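Colleague: Structure in structure tokens, see below.
The values are calculated or read from the model by the stated rules, or taken from the named source; none is laboratory data. These numbers were taken from a predicted model, which means no experiment stands behind them. Reconstructed Cβ throughout: ideal geometry from the backbone, glycine too, with neighbour counts over all protein chains shown.
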Amino acid sequence: MIFDFDGVVVDSLAVYEKTVRECLEKIGHPLIRTRADYLALFEDNFYTSLEKKGVDVKAFMAASVDILAGVDYDQMKPFAGLTTVLAKLQAENILVIVSSSAEGDIRQAMARSKIADCFQSVLGSDADFSKKEKILQAMDEFGMERDKTYYVGDTTGDIKEARAVGVKTVAVTWGWHTREQLAAVNPDYLLDQPEQLLQL
């Protein structure tokens, strides 16, 4: 099972909306005026969305270093019920994180909770900007078969990238995109509660 991190494992929307807004303002591309503007960047791959809007991704990443250094990771809490679910899933499955956030940021956030030991690997933006490539990397590293691999995401971009790789897609509604948005991209599974992950 491959999990997105932000919006699936931890509630980090307010933190990253502010961070991305500040990074874009710092490099002279103030694209985000509303939360809807921010969430629209995740309708496809986040970094591809930035590029389509004329953002220099290298400049964005450079600007993020100082800004991310000031992030309060204690604000990023696992969603209610998820810690128990992950512990149960980890007992019988390989669990991997594939995220648009940097690995170091993910590990700092996980260190504040009891979920760090649930995941065998973390692949962030420093591994690759493409979630498709990171999913393939995880599958290769752990010998995952496509028809037995599930990608759990909370945005339409997550579902699109996972489908492009050919794995099973699991959209969860407790994250960043609405149930209606997620249903519109036809995931294999659409879940409303973390406990439903155990049924997979």
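Residue-by-condition table, conditions (1) of a type in the set (Phe, Trp, Tyr); (2) out of contact with any Phe, Trp or Tyr (no Cβ under 9 Å at 6 or more places or on another chain); (3) modelled with pLDDT under 95:
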position	(1), (2), (3)
Glu103	no, yes, yes
Asp117	no, yes, yes
Ser125	no, no, yes
Lys134	no, yes, no
Gln137	no, yes, no
Lys160	no, yes, no
Gly166	no, yes, no
Tyr189	yes, no, no
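Colleague: Spot the failing condition for Ile94; the list is (1) at pLDDT 95 or above; (2) closer than 19 Å to Ile32 by Cβ; (3) in a loop (DSSP other than H, G, I, E, B), and only one is missed.
Modeller: Every listed condition holds for Ile94 apart from (2).
Colleague: Taking the range 136-158, which residues are out of contact with any Leu (no Cβ under 7 Å at 6 or more places or on another chain) and under 14 Å from Phe42 (Cα atoms)?
Modeller: Of everything in the range 136-158, those that are out of contact with any Leu (no Cβ under 7 Å at 6 or more places or on another chain) and under 14 Å from Phe42 (Cα atoms) turn out to be Gly153, Asp154, Thr155, Gly157, Asp158.
Colleague: Of all residues in the range 106-131, count the ones that are assigned to a helix (DSSP H, G or I), surrounded by 18 or more Cβ atoms within 10 Å (Cβ to Cβ) and in contact with a helix residue (DSSP H, G or I) (Cβ under 6 Å, 6 or more places away or on another chain). Full working, then the answer.
Modeller: Initially, the range 106-131 is screened for residues assigned to a helix (DSSP H, G or I), giving 106-111, 116-118, 131.
When the remaining residues are screened for being surrounded by 18 or more Cβ atoms within 10 Å (Cβ to Cβ), the result is 106, 109-110, 118, 131.
Still in the running and in contact with a helix residue (DSSP H, G or I) (Cβ under 6 Å, 6 or more places away or on another chain): 109-110, 118, 131.
Qualifying residue count for the region: 4.
Colleague: Does Ala183 satisfy the condition of being part of a strand (DSSP E or B), without any contact (Cβ under 8 Å) to a residue 24 or more places away in the chain and of a type in the set (A, V, I, L, M)?
Modeller: Details: part of a strand (DSSP E or B): no; without any contact (Cβ under 8 Å) to a residue 24 or more places away in the chain: yes; of a type in the set (A, V, I, L, M): yes.
No.
Colleague: Answer yes or no: is there a residue in the range 132-148 that is within 11 Å of the chain's Cα centre (by Cα), crowded, with 18+ Cβ neighbours inside 10 Å and closer than 22 Å to Thr169 by Cα. Explain how you work it out, then say what you get.
Modeller: Taking the range 132-148 and keeping what is within 11 Å of the chain's Cα centre (by Cα), we get none.
Checked against the condition, which is being within 11 Å of the chain's Cα centre (by Cα), crowded, with 18+ Cβ neighbours inside 10 Å and closer than 22 Å to Thr169 by Cα, the range 132-148 yields no hits at all.
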